[in-house]
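Trainee: Mind looking over this structure? Questions follow.
The values are calculated or read from the model by the stated rules, or taken from the named source; none is laboratory data. The structure displayed is predicted, hence computed values, not measured ones. As a convention, Cβ positions derive from the backbone with ideal geometry for all residues, glycine included, and neighbour counts pool all protein chains shown. Calculation scope for accessible area: heavy atoms of the full protein, side chains included, ligands and nucleic acids excluded. Shrake-Rupley method; radii C 1.70, N 1.55, O 1.52, S 1.80 Å.
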Amino acid sequence: MSDKATLEINGNKHEFPLIVGTENEVAIDIKTLRGVTGGVTTIDAGYKNTGSCESEITFLDGEKGILRYRGYSIEELAEEADFLEVAYLLIFGELPTKEQHDKFHADIKSKSIVDDDVRKIIDAFPKSAHPMGVLSSLTSALTAFNPSSVNVDSEEDMYNSVVKILGKFPVLVAWTMRKKQGLPLDYGSNTLGYVENVLKMMFKQPNEKYVQNKIIVDALDKLLILHADHEQNCSTSTVRIVGSSHAGLFASLSAGISALWGPLHGGANQAVLEMLEAIKEDGGDTKKYMAKAKDKNDPFRLMGFGHRVYKNFDPRARIIKKAADEVLADLGVEDPILEIAKGLEQEALNDDYFVKRKLYPNVDFYSGIIYRAMGIPTDMFTVMFALGRLPGWIAQWREMRLRKEPIGRPRQLYVGETLRPFKKLEKR
Ligand code: ACO
């Protein structure tokens, strides 16, 4: 294959280098485009074909349904690893040794105390506030309590900022939920595993001993791993672009949380469950909702279906569907919503509209059903996604800073008014 791409504009030929990734993906390097063409730029709304960076973290092939973190398949990681191992792998590039794993966990635990004054901020939110808005604000507030900026040239400084946020974030997640429920805020326990501690902080009742349920611990561990990274999606690109202005890690993460909140992105897990509930309340007529989803005059979309990159199947959805079946059976939960979801999936997979557009269930189609079986409120689903995505955001932010990437600043094509004279107010 040639190592150059040629572009002809107005009879002038320009050559651009081709870059080949380790999985043989090819990209045209257009860094010099404006310079050599005298100002021509590219346009690609939604960045459907634009690579914003080179990255060593996550590989996905949407046509083949492949997802790998640092070269390891998502199927193997979900089956064999724990969430902290995966976090370490994403952030530092290699699976930790037992010693590195234990040190990593001990360091995270040592940084997990959140300043007690953060409670005052939580108290100021109305109970009706959406947990994602609260979580984003609290993450941003951490900047005020931890003012020193990260020296990216210092390995120690980078490491400390990583363990600090991994320690404090689960506390914010749990407090966000408990405040809404009117429960006392809990600091958890440093004797527990990372995921066990999250569950204890979320669910311990003040008048009861908290007993861990292994099925729930394992299921949450798996869900967090499946959500841990997904290369340059909307929230991750946000984290990278905010961080590219050299804004701090916590501020960049807070922006990523806001991006994740939207129903077209992480907010879909809440939207899926609300949709399934609505279908159930409406008599379980899945055909009616299929018709709505296909009607171009109806804004309704089948939430949890479709993906910008996966055009065959989402490997995470396969793992989660199986986990949903197992977890509900193990917990003895019978949820009619699971049957509605399976029915919808079957209809969509056999429907021309969905087949033609390559719309398949995504990671969020079944995750809410598991969260619900665990007793997690619907409006906390996207917060759980954020907890899972945290290591991915950190890894991508760290990579972007270590590679000394320039500030993110897209171009545009101006299509507004050309120069016109100003008219004074009385003359308009
Ligand atoms: N229901 C019905 N039609 C759909 C759906 C859907 N869920 N998703 C896409 N389509 C249709 C579009 O209307 C469009 O049809 P057209 O070609 O006739 O105009 C076509 O499929 C292509 O859709 P786009 O919106 O152009 O695809 P894009 O890649 O921009 O969007 C997205 C991907 C946002 C995920 C979309 O499929 C969607 O809105 N899905 C529902 C929300 C959702 O589940 N989001 C979670 C994604 S996973 C994640 O972020 C963790």
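Trainee: Describe numerically, in nm with one decimal, the distance between label points set 7 Å from Cα along Cα→Cβ at residue 403 and at residue 322.
Mentor: Modelled inter-label distance: 3.2 nm.
Trainee: Taking the Cα atoms of segment 157-279 alone, what are Rg (to one decimal) and Dmax (as a whole number) in Å?
Mentor: Reported Rg and Dmax, both Å: 16.4, 50.
Trainee: Can you give the Rg to Rh ratio of the chain, both from alpha-carbon atoms, with Rh computed by the Kirkwood formula?
Mentor: On the Cα set of the chain, Rg over Rh gives 1.00.
Trainee: Give the average over all directions of the projected area of the C-alpha convex hull of segment 281-428, one decimal, in nm².
Mentor: Orientation-averaged projected area of the Cα hull: 16.6 nm².
Trainee: Straight-line reach from residue 120: which lysines have Cα under 29 Å away, leaving out those fewer than 8 places along the same chain?
Mentor: Qualifying lysines at Cα under 29 Å: 109, 111, 164, 168, 179, 180, 200, 204, 209.
Trainee: Moving to a separate point now. Can you find, among 50, 307, 60, the residue sitting farthest towards the positive end of the charge dipole of the chain, where Lys and Arg contribute +1 and Asp and Glu -1 at Cβ?
Mentor: 50
Trainee: If you don't mind, there's one more thing I want to ask. For segment 238-358, which whole percent of the accessible surface, found with a 1.4 angstrom probe, sits on carbon and sulfur atoms?
Mentor: Taking all protein chains in place, segment 238-358 shows 52 percent carbon and sulfur surface.
Trainee: For a Förster distance of 22 Å, can you work out the FRET efficiency between the beta-carbons of residue 413 and residue 6, rounded to the nearest 0.05?
Mentor: About 0.45, to the nearest 0.05.
Trainee: Quick check: residue separation of residue 155 and residue 218 times 0.36 nm, minus the Cα distance between them. What number comes out in nm?
Mentor: Value of the extension gain: 19.4 nm.
Trainee: Past the 25 angstrom mark, what percentage of all C-alpha to C-alpha distances in segment 208-366 do you count?
Mentor: Percent of Cα pairs beyond 25 Å in segment 208-366: 40.
Trainee: Another question, if that's okay. Take the alpha carbon gyration tensor of segment 73-222, find the square roots of its eigenvalues, order them as a ≥ b ≥ c, and report rounded if a/c is under 1.5; if not, report prolate when a/b exceeds b/c, else oblate.
Mentor: oblate
Trainee: Under a 1.4 Å probe, what is the accessible area of the chain per residue, stated in Å²?
Mentor: Roughly 51 Å² per residue, with all protein chains present.
Trainee: Just report the Cα centroid separation between segment 328-357 and segment 288-327, whole Å.
Mentor: The distance from the Cα centre of segment 328-357 to that of segment 288-327 comes to 9 Å.
Trainee: Continuing with this model, one more query. Order 249-255, 284-290, 160-166 from most to least packed using the mean count of other Cβ atoms within 10 Å.
Mentor: Ranking, from highest mean packing down: 249-255, 160-166, 284-290.
Trainee: Each label point is 7 Å from the Cα along the Cα-to-Cβ direction; what then is the distance between the points at residue 42 and residue 63, in nm?
Mentor: If labels sit at residue 42 and residue 63, their model points lie 1.8 nm apart.
Trainee: For a protection proxy built on the mean count of beta-carbon atoms within 10 angstrom, sort 218-231, 142-155 highest first, please.
Mentor: The densest-packed peptide leads the list: 218-231, 142-155.
Trainee: Can you tally the net charge around residue 20? Count Lys and Arg as +1, Asp and Glu as -1, for every other residue whose Cβ sits under 13 Å from the Cβ of residue 20.
Mentor: -4
Trainee: Would you mind pulling out the separation of the Cα centroids of segment 153-227 and segment 78-117, in Å?
Mentor: Their Cα centres are 13 Å away from one another.
Trainee: Roll a 1.4 Å probe over the protein heavy atoms and report the accessible area of residue 398 in Å², nearest 10.
Mentor: 50
Trainee: Within 10 Å, count the other beta carbons around each residue, average over each peptide in 93-103, 110-120, 39-49, 385-395, and list them highest first.
Mentor: Per-residue Cβ counts within 10 Å, averaged per peptide and sorted highest first, yield 385-395, 110-120, 93-103, 39-49.
Trainee: How much length is gained if the chain between residue 145 and residue 80 is pulled fully straight, taking 0.36 nm per residue apart and subtracting their Cα-Cα distance, in nm to one decimal?
Mentor: The span from residue 145 to residue 80 would gain 19.7 nm if fully extended.
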